[in-house]
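Participant: Let me give you the structure first, and then I'll get to my questions.
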Amino acid sequence: MAKKTVIENCKPGEDKVHMKKELGLLEGVAIILGIIFGSGIFISPKGVIQEVNSVGVSLIIWVLCGLLSMVGALCYAELGTSIPRSGGDYAYIHESFGNLAAFLYLWAANLIFVPTTNAIMGLTFAQYVLQPFFTNCNIPDEAIRLLAAVTICFLTFINCYDVKETSKMQNIFMFAKVGALVIIILAGLTWLFMGNTENFQNAFENTNATPGKVAVAFYSGIFSYSGWNYLNFMTEELKNPYVNLPRAIYISLPLVTLIYVLANVAYLAVLTPTAIIASNAIAVTFGDKLLGYISWIIPVMVAISAFGGLSVHIMTSSRMCFVGARNGHFPAMLSHININKYTPTPALVFLCILSLIMLCTSNIFILITYCSIVESTFIMLSVAGILYLRYKRPDMNRPIKVSLWVPISFVIICAFLVLVPCYEKPFEVGMGVIITLSGIPAYLIGVAWKNKPSEFQEFNVKVTHAVQKLFMSAKEERDDFN
């Protein structure tokens with residue numbers, strides 16, 4: 001049954017608006033592949049190998065990151081079908097652990113890992129677009145950040161314009177990005193099969209296997225795989241989510257793991273670990289050595305990949321902000337959608353502003369570690385919700401029910417990855433903890449405090465009405481899936 005919501009400031013005759021179900025299985029697969037095949041595979045191999053200093057251990061980490069993502073995806077298939085609401089981790093943490101925990105996730109997501117990931121993808125796109133114009137010198141830092149800002153603003157506008165058109169665009173980018181990686185894989189494996197195997201001799205020599213280094217290396221790999229849970233943010237827009245959500249996950253993750261491992265084999269066949277660590281654009285260095293006069297195609301392919309990944313990340317992450325506002329954990333103005341395009345325009349613009357703030361730095365690897373530690377903590381909490389709900393609500397409807405060892409194993413591994421880097425990267429961990437905990441007073445003032453002064457409430461209503469008029473937006477009529 002749909003719950004009717006009367007809307008202020010709608011067009012005449014319109015007192016409600018629905019979030020349309022526009023996404024089928026192909027679009028679901030495209031969203032997962034589109035966000036995973038972003039910038040990560042073109043920058044993270046350096047982050048992995050510079051920590052462990054070993055070809056063999058580097059490849060093992062890439063395989064294990066893929067397996068960890070598959071285990072996590074199995075858990076999210078249960079979460080997404082038993083709690084079929086948009087918002088992903090936010091909805092699951094809210095269902096399992098209540099308002100405060102869900103608010104802290106939303107707080108950390110919007111202040112840390114969502115805008116940080118947008119910034120990383122934007123910076124990667126800008127670097128590879130500008131690289132051909134600065135072959136003999138460093139790219140000006142201001143140029144990189146300016147182009148990244150323009151790209152984020154442009155893709156925010158596209159996502160505001162129409163989610164249907166955006167999802168169609170993802171289909172094109174998905175095939176383009178997979179094709180780009182296939183070219184890299186075929187070129188690298190051809191080089192390898194021609195007898196150039198010297199980089200794989202003594203593959204485990206000089207390995208740095210200290211737990212802290214391995215955990216930090218995992219974060220670079222995990223960043224490349226990140227996005228496997230983002231389709232869960234859009235469950236309410238997915239046609240037949242009980243069938244298409246798990247199918248999209250089962251199709252995407254094995255394909256991603258295979259392609260990523262083969263891509264790293266290709267990189268390592270052509271480039272030595274020293275060359276990878278020294279390079280600021282691994283794919284460009286790869287192309288310069290192997291492709292000769294057609295090496296220009298590599299920056300173009302990477303730019304397309306980062307552009308498409310950024311677009312789908314903007315689209316999916318805005319739904320998390322939108323759902324949080326709908327549940328009263330963010331300003332009400334962010335819970336509105338455009339009455340003509342059915343997109344959460346205020347939430348998209350809000351996250352765009354935060355993403356632009358993150359462009360104050362262009363150090364991608366600091367951003368990756370900073371982002372991944374906090375995000376992994378909340379992913380662990382989401383999966384721990386399976387265990388909690390199995391105990392508290394054993395009769396809950398679960399169209400997909402995974403074996404108990406799956407979430408237990410995932411939580412233990414995530415706990416290791418979260419706790420071990422505390423002494424390896426204390427600054428990044430400490431900042432993540434401080435920003436996350438700063439959400440507690442924000443929750444007490446903004447959410448828990450119900451009897452706010454009338455002046456404040458009047459001001460909030462005026463701002464909300466202004467946002468509705470500016471973006472032609474209204475509250476959507478919410479479907480009850482349970």
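The values are calculated or read from the model by the stated rules, or taken from the named source; none is laboratory data. Since the model is a prediction, treat every value here as computed from it, not as a measurement. Neighbour counts run over all protein chains shown; Cβ positions are idealised from the backbone, glycine included. Keep in mind that these areas ignore ligands, DNA and RNA; they rest on the heavy atoms of the full protein, side chains included. Shrake-Rupley method; radii C 1.70, N 1.55, O 1.52, S 1.80 Å.
Participant: Take the conditions assigned to a helix (DSSP H, G or I), surrounded by 24 or more Cβ atoms within 10 Å (Cβ to Cβ) and out of contact with any Cys (no Cβ under 6 Å at 6 or more places or on another chain) and apply them to Asn264. Does it pass? If you could, list the steps in order and put the result at the bottom.
Facilitator: Working: assigned to a helix (DSSP H, G or I): yes; surrounded by 24 or more Cβ atoms within 10 Å (Cβ to Cβ): yes; out of contact with any Cys (no Cβ under 6 Å at 6 or more places or on another chain): yes.
In short, yes.
Participant: Quick one: which of Gly430, Gly446, Gly385 is within 24 Å of the chain's Cα centre (by Cα) and farther than 27 Å from Ala209 by Cβ?
Facilitator: Just one listed residue meets the conditions, Gly385.
Participant: Still on this structure: Please work out which one of (1) out of contact with any Gly (no Cβ under 9 Å at 6 or more places or on another chain); (2) outside any helix (DSSP H, G or I) is the condition Val243 fails and give its number.
Facilitator: So the condition that Val243 fails would be (2).
Participant: Do we find a residue being modelled with pLDDT of 70 or more, touching a Ser or Thr at 6+ places or on another chain (Cβ under 8 Å) and surrounded by fewer than 24 Cβ atoms within 10 Å (Cβ to Cβ) anywhere in segment 327-336?
Facilitator: There is no residue in segment 327-336 that is modelled with pLDDT of 70 or more, touching a Ser or Thr at 6+ places or on another chain (Cβ under 8 Å) and surrounded by fewer than 24 Cβ atoms within 10 Å (Cβ to Cβ).
Participant: Contact list please: Cβ distance under 6 Å, first residue in segment 436-460 and among the small types (Gly, Ala, Ser), second residue open to solvent by less than 70 Å² (accessible area, probe 1.4 Å), pairs at least six apart or on different chains.
Facilitator: Gly439/Leu104; Gly439/Trp107
Participant: Cβ-Cβ under 8 Å, sequence separation 6+ or interchain: first residue in segment 301-322 and closer than 17 Å to Leu356 by Cα, partner open to solvent by 10 Å² or more (accessible area, probe 1.4 Å) and not in a helix (DSSP H, G or I). Which pairs?
Facilitator: Sorted first by the residue in segment 301-322, then by its partner, the pairs are Cys321/Phe330.
Participant: The conditions are (1) more than 17 Å from the chain's Cα centre (by Cα); (2) at pLDDT 80 or above, and Glu375 fails exactly one of them. Which is it?
Facilitator: (1)
Participant: Now for a different question. Output the residues belonging to segment 457-482 that are among the charged types (D, E, K, R) and modelled with pLDDT of 75 or more.
Facilitator: Looking only at segment 457-482, we keep the residues that are among the charged types (D, E, K, R), and these are 458, 462, 469, 475-480.
Within segment 457-482, Glu458, Lys462, Lys469 qualify.
Participant: Same structure again: Can you go through Leu147, Leu181, Leu189 and tell me which one is under 21 Å from Ser58 (Cβ atoms), assigned to a helix (DSSP H, G or I) and modelled with pLDDT of 85 or more? Spell out the reasoning first.
Facilitator: Numbers: Leu147 fails: under 21 Å from Ser58 (Cβ atoms); Leu181 fails: modelled with pLDDT of 85 or more.
Answer to the selection: Leu189.
Participant: Answer yes if at least one residue in segment 110-126 is among the aromatic types (Phe, Trp, Tyr), touching a residue at least 40 places away in the same chain (Cβ under 8 Å) and part of a helix (DSSP H, G or I), and no otherwise. It would help to see each step written out before you state the result.
Facilitator: Kept after step one, since they are among the aromatic types (Phe, Trp, Tyr), are these residues of segment 110-126: 113, 125.
From the residues that got through so far, the ones that are touching a residue at least 40 places away in the same chain (Cβ under 8 Å) too are 113, 125.
Imposing the further condition that a residue be part of a helix (DSSP H, G or I) reduces the set to 113, 125.
Checking segment 110-126: at least one residue is among the aromatic types (Phe, Trp, Tyr), touching a residue at least 40 places away in the same chain (Cβ under 8 Å) and part of a helix (DSSP H, G or I).
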